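**Q** I have a structure I would like to understand better, so I am pasting it below and will then ask my questions one at a time.
The values are calculated or read from the model by the stated rules, or taken from the named source; none is laboratory data. These figures come from a predicted structure and were not determined experimentally. All Cβ positions, glycine included, derive from the backbone under ideal geometry; neighbour counts span all protein chains shown.
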Amino acid sequence: MPDGLLKISVLSSGSVLLDGRPVELSALEEALRNAKQNNGSVWYYRETPPANPSAQAMAVLNLVVQHKLPISLSSQPDFSDYVDAQGVSHPRTAAPAARQPLAAAAPPELAMPEVDPHPDIEAVFASVRRTASGGRGARSLVVVTPQRKLLVMPVLSETPALRTMAANMDKFISSAVPRNVAAIAYTVLAPHKEKPDAADAARNIPFFGLLLGMSFSGHNVWVFEGHPSALAAGCRDADVLIVDSGMRPCLQADWLETVVHVMRNPNILVHNRATFQLAAVRKVGQRADRLEFNDD
């Protein structure tokens, strides 16, 4: 086994194993931090997932995303295979040829995916906003695929790491008032898998950990691909829009004017894939250190 390799299993019971032994999230976080310092990597297995990922599974994934460790997904509990970006299993006779950090594993040159037409795309995203805000049960982060299927991920359970993330994020976007946060990213999720999960989403969304943190902080968060047929509906009533820099060239020429027209507060940020930094394209107010809103 390669030096610095962590083998993480998330069982259907919610238990988390590190190298075959039960581990608490605090100890797992310490192991991930040490692995990052030593140029380590992660093999990740999740046992027969339910329709929605468990809080434990999402918490583990969030920790891996935060530490930006290279990750290889397995569909077998003994890690004898790895799953490629298309969701296809291969024998793990050797490490995957192009194992990249989870948040950077999407294709380097993205294209706008084809989408399934929908007769009422406004109704689709009205439902997405209700789901994200808890109007259909637990408040959740929602990923909308090009097939207009929804990956719904309930808010993570509190951990010390999430508390710290939330406190840092509150300095940038206050949690005193829940905000609608829309994101445009590559939401093609493992088309060969019957039930894509949070790991599939994180593999193609470089700022997935940031979105999880915003959802945990109390904001209503959803992600879609930004296709012209859905751009206005997907950004309607948003207070913040985060655009993946890899998807920005794929958007229609007048995308900025389109989204400004339908957003509640036109705070528009671009996440740079190379630097993992956010840059403002348009903001409400003049402060450089935090976002402002028309009702502040």
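Residue by residue, here is whether (1) modelled with pLDDT under 75; (2) over 26 Å from residue 234 (Cα atoms) holds:
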site	(1), (2)
75	no, yes
103	yes, no
126	no, no
137	no, no
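**Q** Condition test on residue 260, is it outside any loop (DSSP other than H, G, I, E, B) and more than 22 Å from residue 110 (Cα to Cα)? Show your work before the answer.
**A** Details: outside any loop (DSSP other than H, G, I, E, B): yes; more than 22 Å from residue 110 (Cα to Cα): yes.
Considered against the rule, which asks whether it is outside any loop (DSSP other than H, G, I, E, B) and more than 22 Å from residue 110 (Cα to Cα), residue 260 comes out as yes.
**Q** Can you tell me which residue among 233, 274 is of a type in the set (Gly, Ala, Ser), assigned by TED's automatic domain parsing to the domain that holds residue 203 and surrounded by fewer than 16 Cβ atoms within 10 Å (Cβ to Cβ)? Walk me through it before giving the result.
**A** Details: 233 fails: surrounded by fewer than 16 Cβ atoms within 10 Å (Cβ to Cβ).
Just a single option satisfies the conditions, and that option is 274.
**Q** I've got another one for you. Taking segment 184-221 as the region of interest, how many residues are within 18 Å of residue 270 (Cβ to Cβ), touching a helix residue (DSSP H, G or I) at 6+ places or on another chain (Cβ under 6 Å) and in a strand (DSSP E or B)?
**A** Looking only at that region, the number is 1.
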